[in-house]
Amino acid sequence: MTVDSSAASEPRRSAAGKAGTTGSKTGTKRTTSRTSTSRTATRKSAEPELVQLLTPEGKRVKNAEYDAYVAGITPEELRGLYRDMVLTRRFDAEATALQRQGELGLWASLLGQEAAQIGSGRATRQDDYVFPTYREHGVAWCRGVDPTNLLGMFRGVNHGGWDPNSNNFHLYTIVIGSQTLHATGYAMGVAKDGADSAVIAYFGDGASSQGDVAESFTFAAVYNAPVVFFCQNNQWAISEPTEKQTRVPLYQRAQGFGFPGVRVDGNDVLACLAVTKWALERARSGEGPTLVEAYTYRMGAHTTSDDPTRYRGDEERLAWEAKDPILRLHRYLEASNHADEGFFAELETESEALGRRVREAVRAMPDPDDFAIFENVYADGHTLVDEERAQFAAYQASFADVEGV
C-alpha cells in the first residue's frame, strides 16, 4: 500500500470521537477522556497505510510509484542488505552485553530497526551528508564507520571517535532533535554552494515533539533546502506512546510546512531503500525537503537504563517480533533462491568474529586522560580553570599517598 503524500487525510476517529462535544447554553464542553480513549483504541486496531514492497512473510508486492527505485537490485545486493542487517544486529547485541557487564556506561539499542537504518543508509551517496542521533549504528555501518569507534563515547573514553568529514557522517547527537537544525543549516549551505548532493537527518518519534524539529521544518521549507528528514517511529519515546504526542500520523506534519511526507514500512528494507532514494533524488534535483516516517518498532529497551516491561506488554512485542526485518528478508532470499545454506552459515561465522573483535577492542581501549576535561574550556585559558585543575591534581595525588602508606 502507498500513502497519499500530496494531501493529508482526516485522522481516523470513532463515532464518539467525531462528536467530541456536548452542547450547553454557554458553548461546548470537551469529553476529553472518552474521545482520547476511543481515538487510541481506533488507532491501535487499525493497520496504518504505508509503502511496502516486502510483506512480513517475505513476499514481494508491487508498487507503481516506488518499484523503479529497486528495479535493478541484484541478488548479490539483496544478500548485501541481509548481511548488513545481521552484522549490525550482532554488533548491537555485543554492545548491550558489554554494558551489562560493566564495560560501557550506557547503550542505546537499535534492535528491530535494522531495516529502516540499512535501507535508508544504503540509499545515500558518498557525497551526501548524514546527521544521526545516538541510535543510528546501522547507518554508521553503511557509511563505513568502524563499529568499535561508536563505543568509545559510551565507554567514556572520547567524544565520538571518528572524523565526521571522513565519512560524511556527523558525530552522534545526544540532545534530542538538535541535529535536525544542524542538518538543515548544512543543507542550506550545500544549496548555496550549488553542490549536487543531499543531506539526511535522523530522529525518532519522540524528537518530533521538539521545537528544534519544527524550526528545522520551517527553515528547510522556506529555503527549499536539500534535506531528507528521516523519522524512525518506533512508537515509544522511552515510555511515551506515539498517540500521546500527536493526533495525526507523523508524516502528515510535513503538509503544514509545505513539503511532502510519506510513511514507509520501517521493517521492510526494500521499501526503506526505495523511498529514501526517491526523497534524496528530490533533494538533489532542487525540489526541497521530504519527511520520511519509517513505521517500525523498538523491540528492546530505549537504552540499557530502561525497563520496557514497566510500560508495555508482551503481546505487543511478540506481534512485532513476527514482523522482524531480518526474518522477512531471509524468507524472501530463500523463496527466490537468491541465497543458500552456505551463505547463511558463512554469515554466522562472520557475525561471531565481529562480536569477538568488538569485545576485544572495547576491553583494549585506554582510559581517558584524567585532565582532558580541563582542556579547551576557554580558547586562551582561565585562572578559575587553572585553580580547578590544581585542586583536582591534589585530589588525585591523595590516593597515591594512601596507597603508599
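Table for the structure above
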| item | result |
| --- | --- |
| Scattering curve values for the stretch 337-405, log₁₀ I(q)/I(0), Debye with Cα scatterers, q = 0.29 Å⁻¹ | -1.17 |
| Per residue accessible area of the stretch 248-405, 1.4 Å probe, in Å² | 53 Å² |
| Burial ranking of peptide ranges 287-300, 237-250, 365-378 (average Cβ count within 10 Å, highest at the top) | 287-300, 237-250, 365-378 |
| Average Cα contact separation per residue, the chain, under 8 Å, 6 or more apart, as relative contact order % | 21 percent |
| Distance cut-off 17 Å, percentage of C-alpha pairs in the stretch 284-405 lying past it | 81 percent |
| Sequence-separation-based contact order of the stretch 80-135, relative, with Cα cut under 8 Å and 6+ spacing, percent | 37 percent |
| Accessible area of Thr218 in the full protein assembly, 1.4 Å probe (Å², nearest 10) | 60 Å² |
| Distance histogram for the stretch 119-255 (every C-alpha pair counted, 5 angstrom bins, percent rounded to whole numbers) | 2, 10, 20, 21, 20, 15, 8, 3, 0 |
| Stretch gain in nm, segment Asp196-Ser166, where the contour uses 0.36 nm per residue and the Cα spacing is subtracted | 9.0 nm |
| Calculated over the stretch 167-226: convex hull of Cα atoms, volume per residue (Å³) | 76 Å³ |
| Distance between the stretch 105-162 and the stretch 335-370 - C-alpha centres, whole angstrom | 16 Å |
| Entries in Lys59/Lys277; Lys59/Lys244; Lys277/Lys323; Lys62/Lys244; Lys244/Lys323 that, when Cα-Cα distance is taken, lie over 29 Å | Lys59/Lys244; Lys62/Lys244 |
| Sequence-separation-based contact order of the stretch 109-239, relative, with Cα cut under 8 Å and 6+ spacing, percent | 26 percent |
| Debye log10 I(q)/I(0) at q = 0.25, 0.27 Å⁻¹ for the stretch 53-93, Cα point scatterers | -0.96, -1.00 |
| Choice from Arg83, Arg328, Arg100 showing the highest fluctuation, given a GNM over the chain with Cα pairs closer than 10 Å | Arg100 |
| Cα-centred dipole magnitude for the chain, charges only on beta-carbon of K, R (+1) and D, E (-1), debye, nearest 20 | 2380 debye |
| Cα pair count fraction exceeding 16 Å, expressed as % - the stretch 65-157 | 57 percent |
| Surface accessible to a 1.4 Å probe, Phe392 within the full protein complex, Å² | 50 Å² |
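The values are calculated or read from the model by the stated rules, or taken from the named source; none is laboratory data. None of these values were measured; they are calculated from a predicted model. Using ideal geometry, Cβ is built from the backbone for each residue, glycine included, and neighbour counts are taken over all protein chains shown. The area values use the complete protein model at the heavy-atom level, side chains included, leaving out ligands, DNA and RNA. Shrake-Rupley method; radii C 1.70, N 1.55, O 1.52, S 1.80 Å.
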